[in-house]
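The values are calculated or read from the model by the stated rules, or taken from the named source; none is laboratory data. Everything numeric in this text was worked out from a predicted model, so none of it was measured. When we count neighbours, we look across all protein chains shown, and the Cβ atoms used for this are built from the backbone with ideal geometry, even at glycine. SASA here: full protein model, heavy atoms, side chains in, ligands and nucleic acids out. Shrake-Rupley method; radii C 1.70, N 1.55, O 1.52, S 1.80 Å.
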Amino acid sequence: MKRETPVTLPEGFLDFFTELENIQNQQQILLAKSVQFDTFDLKKHLGSGSRSFIELHGLAVDPLLYKSVLTVIIDFLKQKRPELKESMEKLQLELDRLDLKQIIASLIVSDMGDHFNELAPRVELTQEMLVFTFEQALRPFLRVYARPYVQDLLKDDHHLWQFPNICPICGSKSNFSRVSSSDNRRFMFCDRCFSEWETRYLQCVHCGNDEPSSIKYLNVEEDDAYHLYVCDKCKGYLKTYDERQKTKIIDLYIANMETIYLDLLAREKGYTNHDD
Ligand SMILES: [Zn+2]
Ligand SMILES: [Zn+2]
(Lines give C-alpha, C1' and ligand atoms only; values in the text may rest on other atoms or scores of the structure.)
(Ligands and ions follow the chains in the order given, each with its own letter.)
Protein backbone atom coordinates (compact mmCIF):
# COMPACT_ATOMS: atom_id res chain seq x y z
CA MET A 1 0.00 0.00 0.00
CA LYS A 2 1.30 3.44 -0.85
CA ARG A 3 1.64 6.06 1.82
CA GLU A 4 -0.20 9.31 1.45
CA THR A 5 2.40 12.04 1.28
CA PRO A 6 1.77 15.74 1.82
CA VAL A 7 3.45 16.57 -1.51
CA THR A 8 2.40 14.97 -4.75
CA LEU A 9 5.40 13.34 -6.37
CA PRO A 10 5.67 13.38 -10.17
CA GLU A 11 3.65 10.64 -11.84
CA GLY A 12 5.55 7.35 -11.85
CA PHE A 13 8.45 8.76 -9.77
CA LEU A 14 8.37 6.12 -7.03
CA ASP A 15 7.58 3.29 -9.45
CA PHE A 16 10.63 4.23 -11.50
CA PHE A 17 12.97 4.09 -8.49
CA THR A 18 11.31 0.96 -7.08
CA GLU A 19 11.84 -0.86 -10.38
CA LEU A 20 15.37 0.45 -10.71
CA GLU A 21 16.13 -0.83 -7.21
CA ASN A 22 14.68 -4.25 -8.09
CA ILE A 23 16.83 -4.50 -11.18
CA GLN A 24 19.91 -3.48 -9.21
CA ASN A 25 19.05 -6.09 -6.55
CA GLN A 26 18.88 -8.79 -9.22
CA GLN A 27 22.25 -7.69 -10.59
CA GLN A 28 23.70 -7.63 -7.08
CA ILE A 29 22.58 -11.23 -6.49
CA LEU A 30 24.20 -12.34 -9.76
CA LEU A 31 27.40 -10.44 -9.06
CA ALA A 32 27.65 -11.79 -5.51
CA LYS A 33 28.11 -15.25 -7.01
CA SER A 34 30.97 -14.30 -9.30
CA VAL A 35 32.74 -11.32 -7.76
CA GLN A 36 34.97 -11.29 -4.74
CA PHE A 37 36.42 -8.11 -3.31
CA ASP A 38 39.24 -7.82 -0.79
CA THR A 39 37.97 -7.14 2.71
CA PHE A 40 39.55 -4.88 5.28
CA ASP A 41 39.52 -4.41 9.05
CA LEU A 42 36.39 -2.38 9.72
CA LYS A 43 37.06 -1.61 13.38
CA LYS A 44 40.50 -0.26 12.62
CA HIS A 45 39.15 1.79 9.75
CA LEU A 46 36.33 3.38 11.77
CA GLY A 47 38.78 4.52 14.40
CA SER A 48 41.49 5.64 12.00
CA GLY A 49 40.07 8.96 10.83
CA SER A 50 40.78 8.14 7.23
CA ARG A 51 38.52 8.30 4.22
CA SER A 52 36.04 5.66 3.06
CA PHE A 53 37.24 2.15 2.22
CA ILE A 54 36.66 2.63 -1.48
CA GLU A 55 38.51 5.92 -1.70
CA LEU A 56 41.36 4.36 0.25
CA HIS A 57 41.62 1.03 -1.53
CA GLY A 58 39.86 1.60 -4.85
CA LEU A 59 37.33 -0.79 -6.31
CA ALA A 60 38.59 -3.48 -8.65
CA VAL A 61 35.69 -3.94 -11.05
CA ASP A 62 36.08 -5.99 -14.20
CA PRO A 63 35.16 -3.56 -17.03
CA LEU A 64 33.46 -6.37 -18.96
CA LEU A 65 31.19 -7.21 -16.04
CA TYR A 66 30.50 -3.53 -15.54
CA LYS A 67 29.57 -3.25 -19.20
CA SER A 68 27.05 -6.07 -18.82
CA VAL A 69 25.36 -4.33 -15.87
CA LEU A 70 25.48 -1.04 -17.73
CA THR A 71 23.65 -2.68 -20.63
CA VAL A 72 20.88 -3.82 -18.27
CA ILE A 73 20.54 -0.27 -16.90
CA ILE A 74 20.51 1.20 -20.42
CA ASP A 75 17.79 -1.27 -21.46
CA PHE A 76 15.76 -0.32 -18.39
CA LEU A 77 16.08 3.40 -19.18
CA LYS A 78 15.14 2.78 -22.81
CA GLN A 79 11.99 1.08 -21.67
CA LYS A 80 11.04 3.49 -18.89
CA ARG A 81 12.03 6.72 -20.57
CA PRO A 82 10.93 6.42 -24.20
CA GLU A 83 12.11 9.97 -24.87
CA LEU A 84 15.67 8.80 -24.17
CA LYS A 85 15.45 5.63 -26.26
CA GLU A 86 17.38 6.89 -29.24
CA SER A 87 20.13 8.42 -27.13
CA MET A 88 20.43 5.28 -25.06
CA GLU A 89 20.82 3.24 -28.24
CA LYS A 90 23.60 5.57 -29.36
CA LEU A 91 25.25 5.22 -25.95
CA GLN A 92 25.08 1.44 -26.20
CA LEU A 93 27.04 1.62 -29.47
CA GLU A 94 29.72 3.78 -27.84
CA LEU A 95 30.44 1.47 -24.92
CA ASP A 96 33.31 -0.40 -26.56
CA ARG A 97 35.11 2.84 -27.28
CA LEU A 98 34.97 4.10 -23.72
CA ASP A 99 37.59 3.62 -21.05
CA LEU A 100 35.22 2.04 -18.53
CA LYS A 101 38.00 1.44 -16.01
CA GLN A 102 38.74 5.15 -15.91
CA ILE A 103 35.04 6.00 -15.69
CA ILE A 104 34.62 3.67 -12.71
CA ALA A 105 37.63 5.24 -10.99
CA SER A 106 36.15 8.71 -11.49
CA LEU A 107 32.70 7.69 -10.27
CA ILE A 108 34.23 6.32 -7.08
CA VAL A 109 35.63 9.69 -6.13
CA SER A 110 32.57 11.50 -7.57
CA ASP A 111 34.74 13.56 -9.85
CA MET A 112 33.74 13.03 -13.45
CA GLY A 113 35.93 15.91 -14.65
CA ASP A 114 35.56 16.23 -18.42
CA HIS A 115 34.96 12.54 -19.14
CA PHE A 116 31.67 13.12 -20.83
CA ASN A 117 32.39 16.44 -22.58
CA GLU A 118 32.65 14.81 -25.97
CA LEU A 119 30.35 11.89 -25.36
CA ALA A 120 27.34 13.92 -24.14
CA PRO A 121 26.70 15.82 -27.42
CA ARG A 122 27.50 12.73 -29.50
CA VAL A 123 24.77 10.66 -27.85
CA GLU A 124 22.53 13.66 -27.18
CA LEU A 125 22.32 13.20 -23.44
CA THR A 126 23.07 15.69 -20.69
CA GLN A 127 26.18 15.17 -18.56
CA GLU A 128 23.85 14.62 -15.58
CA MET A 129 21.97 11.86 -17.36
CA LEU A 130 25.24 10.18 -18.35
CA VAL A 131 26.58 10.33 -14.80
CA PHE A 132 23.24 8.97 -13.54
CA THR A 133 23.35 6.03 -15.98
CA PHE A 134 26.96 5.06 -15.25
CA GLU A 135 26.50 5.56 -11.50
CA GLN A 136 23.38 3.37 -11.36
CA ALA A 137 25.33 0.58 -13.06
CA LEU A 138 28.08 0.83 -10.45
CA ARG A 139 25.73 0.52 -7.48
CA PRO A 140 25.20 -3.26 -7.60
CA PHE A 141 29.01 -3.62 -7.36
CA LEU A 142 29.17 -1.19 -4.45
CA ARG A 143 26.45 -3.13 -2.66
CA VAL A 144 28.32 -6.40 -3.11
CA TYR A 145 31.46 -4.66 -1.84
CA ALA A 146 29.64 -3.30 1.24
CA ARG A 147 27.89 -6.55 2.10
CA PRO A 148 30.59 -8.08 4.38
CA TYR A 149 30.45 -5.04 6.67
CA VAL A 150 26.68 -4.68 7.04
CA GLN A 151 26.28 -6.74 10.21
CA ASP A 152 29.45 -5.46 11.88
CA LEU A 153 28.47 -1.86 11.28
CA LEU A 154 25.24 -2.44 13.21
CA LYS A 155 27.05 -3.79 16.28
CA ASP A 156 27.63 -1.48 19.18
CA ASP A 157 31.14 -2.48 20.11
CA HIS A 158 33.04 -0.23 17.77
CA HIS A 159 34.12 3.40 17.79
CA LEU A 160 31.77 5.84 16.24
CA TRP A 161 32.78 6.89 12.77
CA GLN A 162 33.97 10.49 12.90
CA PHE A 163 32.38 11.74 9.69
CA PRO A 164 28.74 11.02 10.56
CA ASN A 165 27.24 12.11 7.23
CA ILE A 166 29.80 10.30 5.05
CA CYS A 167 29.47 6.58 4.30
CA PRO A 168 32.56 4.81 5.75
CA ILE A 169 32.36 2.20 3.00
CA CYS A 170 31.73 4.10 -0.25
CA GLY A 171 32.26 7.74 0.76
CA SER A 172 28.84 8.92 -0.39
CA LYS A 173 27.09 11.67 1.55
CA SER A 174 23.95 10.69 3.44
CA ASN A 175 21.08 12.79 4.63
CA PHE A 176 18.79 10.05 5.87
CA SER A 177 18.78 8.14 9.15
CA ARG A 178 16.65 5.73 11.09
CA VAL A 179 16.15 5.42 14.82
CA SER A 180 16.02 1.80 15.86
CA SER A 181 12.96 0.64 17.76
CA SER A 182 14.84 -1.97 19.76
CA ASP A 183 17.48 0.26 21.35
CA ASN A 184 16.88 3.88 20.28
CA ARG A 185 20.18 4.04 18.42
CA ARG A 186 20.46 6.19 15.31
CA PHE A 187 21.86 4.82 12.08
CA MET A 188 22.70 6.76 8.96
CA PHE A 189 21.74 5.11 5.69
CA CYS A 190 23.71 5.20 2.41
CA ASP A 191 21.42 4.88 -0.60
CA ARG A 192 24.42 4.16 -2.81
CA CYS A 193 25.89 1.03 -1.17
CA PHE A 194 23.11 0.36 1.41
CA SER A 195 25.44 0.55 4.43
CA GLU A 196 24.17 1.82 7.74
CA TRP A 197 26.42 3.22 10.46
CA GLU A 198 25.73 4.54 13.91
CA THR A 199 25.79 8.19 14.85
CA ARG A 200 25.03 9.82 18.15
CA TYR A 201 21.34 10.26 18.75
CA LEU A 202 21.45 13.96 19.50
CA GLN A 203 24.21 15.44 17.43
CA CYS A 204 24.15 17.36 14.19
CA VAL A 205 25.66 15.10 11.53
CA HIS A 206 26.90 18.13 9.59
CA CYS A 207 28.76 20.22 12.19
CA GLY A 208 28.96 18.02 15.27
CA ASN A 209 26.92 20.40 17.43
CA ASP A 210 25.39 18.54 20.37
CA GLU A 211 23.81 21.30 22.44
CA PRO A 212 20.24 20.13 22.97
CA SER A 213 18.90 23.69 22.89
CA SER A 214 20.00 24.26 19.29
CA ILE A 215 18.83 20.96 17.83
CA LYS A 216 15.16 20.91 17.00
CA TYR A 217 12.74 18.40 15.71
CA LEU A 218 10.25 19.16 12.94
CA ASN A 219 7.55 16.96 11.55
CA VAL A 220 4.62 17.05 9.24
CA GLU A 221 1.20 16.84 10.80
CA GLU A 222 -0.08 13.34 11.48
CA ASP A 223 3.18 11.77 10.47
CA ASP A 224 5.23 10.85 13.52
CA ALA A 225 7.41 8.25 11.84
CA TYR A 226 9.14 10.61 9.42
CA HIS A 227 10.68 13.80 10.68
CA LEU A 228 13.55 16.23 10.50
CA TYR A 229 16.28 17.06 12.96
CA VAL A 230 17.49 20.57 12.32
CA CYS A 231 20.54 22.33 13.73
CA ASP A 232 20.41 26.03 14.45
CA LYS A 233 24.19 26.30 14.54
CA CYS A 234 24.94 25.29 10.94
CA LYS A 235 21.37 25.33 9.60
CA GLY A 236 21.73 21.69 8.55
CA TYR A 237 18.90 19.16 8.51
CA LEU A 238 18.66 15.39 8.67
CA LYS A 239 15.68 13.31 7.57
CA THR A 240 14.80 10.53 9.97
CA TYR A 241 12.60 7.49 9.98
CA ASP A 242 11.62 6.66 13.54
CA GLU A 243 11.02 2.94 13.79
CA ARG A 244 9.59 3.40 17.27
CA GLN A 245 6.49 4.94 15.66
CA LYS A 246 5.90 2.08 13.25
CA THR A 247 6.38 -1.64 13.54
CA LYS A 248 6.61 -2.30 9.83
CA ILE A 249 10.06 -2.78 8.26
CA ILE A 250 10.45 -0.25 5.48
CA ASP A 251 12.69 0.03 2.44
CA LEU A 252 15.01 2.87 3.45
CA TYR A 253 15.93 3.59 -0.16
CA ILE A 254 12.32 4.21 -1.13
CA ALA A 255 11.62 6.02 2.16
CA ASN A 256 14.39 8.47 1.34
CA MET A 257 12.84 9.08 -2.08
CA GLU A 258 9.27 9.44 -0.94
CA THR A 259 10.14 11.92 1.79
CA ILE A 260 11.13 14.64 -0.64
CA TYR A 261 8.41 16.68 1.06
CA LEU A 262 10.66 16.78 4.14
CA ASP A 263 13.51 18.20 2.05
CA LEU A 264 11.11 20.85 0.78
CA LEU A 265 9.87 21.62 4.27
CA ALA A 266 13.44 21.94 5.57
CA ARG A 267 14.44 24.30 2.76
CA GLU A 268 11.31 26.36 3.23
CA LYS A 269 12.33 26.87 6.87
CA GLY A 270 15.83 27.93 5.85
CA TYR A 271 17.75 24.70 6.46
CA THR A 272 20.14 22.94 4.08
CA ASN A 273 21.70 19.51 3.62
CA HIS A 274 24.96 21.33 2.81
CA ASP A 275 25.03 19.66 -0.59
CA ASP A 276 24.69 22.72 -2.73
ZN1 LIG B 1 27.87 3.88 0.93
ZN1 LIG C 1 24.93 21.60 12.63
Quick check on the chain: helices-only [θ] at 222 nm, where DSSP H runs of length 4 and up contribute -39,500 (n - 2.57) each and the sum goes over total residues. Nearest 500, please.
-12500 deg cm²/dmol
In nanometres, the difference between 0.36 nm per residue of separation and the alpha-carbon distance of Glu211 and Leu30 is 60.5 nm
Quick check on the stretch 168-276: what are the equivalent-ellipsoid semi-axes from the Cα gyration tensor, as sqrt(5λ), descending, whole Å?
19, 16, 15
For the chain, what relative contact order do you get, as a whole percent, if you take Cα pairs closer than 8 Å and at least 6 residues apart?
17
Efficiency by 1/(1 + (r/R0)^6): what FRET value for Ser182 and Gln151, r their Cβ-Cβ distance, R0 = 22 Å, to the nearest 0.05?
0.90
Listed residues Phe53, Phe16, Phe163; largest mean-square fluctuation, Gaussian network over the chain with Cα springs below 10 Å, found at Phe16
Working with all protein chains in place, sort His45, His206, His57 by solvent-accessible area computed with a 1.4 Å probe, largest first.
His57, His206, His45
Of Val179, Val72, which has the most accessible area with a 1.4 Å probe, and how do the rest follow in descending order?
Val72, Val179
Angle between the chain longest axis and helix 85-94 axis [Cα atoms, degrees, rounded to 10]:
70
Whole number please: convex hull volume per residue, Cα atoms of the chain, in Å³.
145
